[in-house]
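Enquirer: I have a structure I would like to understand better, so I am pasting it below and will then ask my questions one at a time.
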Amino acid sequence: MRWLVTGAAGMLGQDVVERLREAGAEVTATDRAHVDITDLASVRGAVQGHDVVVNCAAWTAVDDAEAHEASAFTLNATGPALLARAAAEQGARMVQISTDYVFDGAGVAPYAETAPIDPRSAYGRTKGAGEWAVRAENPDHLIVRTAWLYGARGRCFPKTIARAAAERGSLDVIADQVGQPTWTVDLADLVVRLVEAGAPSGTYHGTSGGQTSWHGFAQAIVASAGMDPAIVRPTTSEAFASVAPRPAYSVLGHDALEKIGVAPIADWAGRWDEAAAGVLGGA
């Protein structure tokens, strides 16, 4: 099985490529310098000869998307549409990484894979459009939604928090937004396991189990960095103005994984304990 990974220079993409290479898979790693996913000819050339396409490329600057929604749409919807079309032409499976931002963030129970989407931000709208496009262009698809990603190979919340705590001695972190911190290594592993299991086409949720707030996650990060978690004080979303609305509730359910016998990612706290040294070592 030959794999193509787009967005392979990003935090998640690098871990997907590493996971595949460790498994002995044949993988082509591409980024924007090699393949323009918004150009059909470029995409067709890249996809040719591959059995699986994993799209990790995305516009992820949530606030910037509010002022540049058309540009975000091109990368988050048009690009996936072209990749999915080219993959379908080759008889290849398409894996699209999506986000919790496709939901309204007003839930009180984990969002099911089948829950109606209702994005409240430009980023969420463009990613939701990308999901629709992939479904329309390639019936052999896996859409994997994730949230609160962190990893060793990019900028992320744990690195920012650890540096800020060390420099300032204390900090205020939002306590009224709840989600599932998810390690890119675990998401990469889940993507590969889904494909290797021959998972039915559809939508799956690739987040850790359990839930916490940004404040709770920050306390765990600070403790892993050898500092007193009490230096992290809780605050509200209102104290941190942002251009794009942030979901208050980003917890995703994993029923679709359990139904096909693919194990979901374990609880966020245990996975953070496993990830902390490697992630913070590159802070």
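Enquirer: Looking at 19, 2, which is the one that is of a type in the set (Lys, Arg) and buried (at least 20 other Cβ atoms within 10 Å of the Cβ)?
Expert: So the residue among 19, 2 that is of a type in the set (Lys, Arg) and buried (at least 20 other Cβ atoms within 10 Å of the Cβ) is 19.
One line per residue, one yes/no per condition, for (1) over 29 Å from residue 258 (Cβ atoms); (2) touching a residue at least 60 places away in the same chain (Cβ under 8 Å); (3) surrounded by 24 or more Cβ atoms within 10 Å (Cβ to Cβ):
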site	(1), (2), (3)
173	yes, yes, yes
180	no, yes, yes
189	no, yes, no
196	no, no, no
202	no, yes, no
207	no, yes, yes
212	no, no, no
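Enquirer: In this structure, does residue 203 turn out to be in contact with a Phe, Trp or Tyr (Cβ under 9 Å, 6 or more places away or on another chain), within 21 Å of residue 16 (Cα to Cα), at pLDDT 95 or above and polar (S, T, N, Q)?
Expert: no
Enquirer: I'd like the full set of residues that are more than 20 Å from the chain's Cα centre (by Cα) and either under 22 Å from residue 42 (Cβ atoms) or not in a helix (DSSP H, G or I) (or both), limited to region 3-26.
Expert: 23, 24, 25, 26
Enquirer: Shifting gears a bit: Looking at region 62-99 only, could you name the residues that are among the polar types (S, T, N, Q) and not in a helix (DSSP H, G or I)?
Expert: 96, 98, 99 - these are the residues of region 62-99 that are among the polar types (S, T, N, Q) and not in a helix (DSSP H, G or I).
Enquirer: Which condition number does residue 43 fail, the rest of (1) under 25 Å from residue 124 (Cβ atoms); (2) surrounded by fewer than 22 Cβ atoms within 10 Å (Cβ to Cβ); (3) at pLDDT 95 or above being met?
Expert: (2)
Enquirer: Among the residues of region 195-205, are any aromatic (Phe, Trp, Tyr), outside any helix (DSSP H, G or I) and in contact with a strand residue (DSSP E or B) (Cβ under 7 Å, 6 or more places away or on another chain)?
Expert: Within region 195-205, the subset aromatic (Phe, Trp, Tyr) is 204.
Checking the rest, the ones that are also outside any helix (DSSP H, G or I) come to 204.
Imposing the further condition that a residue be in contact with a strand residue (DSSP E or B) (Cβ under 7 Å, 6 or more places away or on another chain) reduces the set to 204.
Yes: region 195-205 contains one or more residues that are aromatic (Phe, Trp, Tyr), outside any helix (DSSP H, G or I) and in contact with a strand residue (DSSP E or B) (Cβ under 7 Å, 6 or more places away or on another chain).
Enquirer: Look at region 49-61 and say how many of its residues are assigned to a strand (DSSP E or B), closer than 12 Å to residue 97 by Cβ and among the hydrophobic types (A, V, I, L, M, F, W, C).
Expert: Total satisfying the criteria: 2.
Enquirer: Here's another thing I want to ask about it. Pairs only if they're at least six apart or on different chains, beta carbon under 6 angstrom, first in region 96-117 and more than 24 Å from residue 57 (Cα to Cα), second of a type in the set (Phe, Trp, Tyr) and part of a strand (DSSP E or B); list them, first residue then second.
Expert: Final answer for the pair search is 107/249.
Enquirer: Another question, if that's okay. For residue 22, only one of the following conditions fails: (1) modelled with pLDDT of 95 or more; (2) touching a helix residue (DSSP H, G or I) at 6+ places or on another chain (Cβ under 9 Å). What is its number?
Expert: Residue 22 satisfies every listed condition except (2).
Enquirer: Please determine, by comparing only the residues of region 114-156 that are buried (at least 22 other Cβ atoms within 10 Å of the Cβ) and among the polar types (S, T, N, Q), which one is farthest from the chain's Cα centre (by Cα).
Expert: The extreme case among them is 138.
The values are calculated or read from the model by the stated rules, or taken from the named source; none is laboratory data. Since the model is a prediction, treat every value here as computed from it, not as a measurement. All Cβ positions, even for glycine, are placed from backbone atoms using ideal geometry, and neighbour counts span all protein chains on display.
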